[in-house]
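Colleague: First the structure, then my questions, so here it is.
The values are calculated or read from the model by the stated rules, or taken from the named source; none is laboratory data. These numbers come from a predicted model, not from an experiment. Reconstructed Cβ throughout: ideal geometry from the backbone, glycine too, with neighbour counts over all protein chains shown. Surface areas here come from the heavy atoms of the whole protein model, side chains and all, with no ligands, DNA or RNA. Shrake-Rupley method; radii C 1.70, N 1.55, O 1.52, S 1.80 Å.
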Amino acid sequence: MNYLNMKDEKLIPVVMELNSLLADYNIYYQKLRSFHWNVLGKNFFDLHIQFEDMYNDAKVKIDAIAERILTLRHHPVSNFSDYLKISSIEEASVLATDQEMVEILLNDHKTILAQMTDVIAKSEKVGDEGTIDLIGAYIRELEKSSWMLNAWSKSSDDQLKKEEIKSEAKS
């Protein structure tokens, strides 16, 4: 039964991009779990909780992306060895500092956001509104998460400098 108003062969580019995104999210998810387990220092409590929230969110997105691929009548990639081959996200050392962990995740967010943009572009070409809607929401959520991590990585001195620049500009 063809319950979609799209031809299967036209969906192949969308499915390929979704599988790349699925691979990215799986590597990202495991990295978040590793960082959750291995974070040390004065920021332990904040980051331990934040990384857990983030990997729980990633887990939900992984399932939804795989189910979207199935909805499009294709099969999601599901072997970790395949994820490592097609993902643009790389594994990270557990020896990273808390600051380095956040920096690594912000770089991963850039990569994932770029992949999401590719998914949207392919989806637009074939009129796949369901995928566009799903991924559009994910873009908004990941951008907000990126903003929060970026804000965390700044020192209060950065805010003071910003205020000094504003007051000098008014003078």
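Colleague: Quick one: if you stick a label point 7 Å off each Cα along the C-beta vector at Phe45 and Leu70, how many nm between them?
Modeller: 4.1 nm
Colleague: So what is the 222 nm mean residue ellipticity for the chain from helices alone, if each DSSP H run of at least 4 adds -39500 (n - 2.57) and you divide by all residues, rounding to the nearest 500 deg cm²/dmol? It would help to have the intermediate numbers written out before the result.
Modeller: Details: 6 runs with 135 residues, N = 171.
My calculation for the chain gives -27500 deg cm²/dmol from helical runs alone.
Colleague: Go through Lys122, Lys110 and list them by solvent-accessible area, largest first, probe radius 1.4 Å.
Modeller: On the way: Lys122 70, Lys110 145 Å².
I get Lys110, Lys122, largest accessible area first.
Colleague: Still on this structure, I have one more. Rounded to the nearest 0.05, what FRET efficiency is calculated for Phe80 and Trp152 with R0 set to 30 Å and r the Cβ-Cβ distance?
Modeller: Numbers: r = 30 Å, r/R0 = 0.99.
With a Förster radius of 30 Å, E is 0.50.
Colleague: Keeping all protein chains in position, work out how much accessible area Asp82 exposes to a 1.4 Å probe, and write it in Å² to the nearest 10.
Modeller: 50 Å²
Colleague: Amide H to amide H, which residues 5 or more places from Ser87 or on other chains are under 5 Å from it, using H placed in the peptide plane?
Modeller: Hits under the 5 Å cutoff: none.
Colleague: Quick one: of Lys85/Lys110; Lys10/Lys110; Lys31/Lys110; Lys61/Lys122; Lys85/Lys144, which pairs are farther than 24 Å apart, Cα to Cα?
Modeller: On the way: Lys85/Lys110 19 Å; Lys10/Lys110 27 Å; Lys31/Lys110 15 Å; Lys61/Lys122 19 Å; Lys85/Lys144 28 Å.
Over 24 Å Cα-Cα: Lys10/Lys110; Lys85/Lys144.
Colleague: What is the angle, in °, between the Cα long axis of helix 98-126 and the longest principal axis of the Cα atoms in the chain? Nearest 10 is fine, range 0 to 90.
Modeller: Helix 98-126 sits roughly 30 degrees off the main axis of the chain.
Colleague: Still on this structure: Give me the 1.4 Å probe accessible area per residue for the range 1-147, excluding ligands and nucleic acids, in Å². Could the numbers behind the result be given before it?
Modeller: Details: 8150 Å² over 147 residues.
Per residue, the range 1-147 has 55 Å² of solvent-accessible surface.
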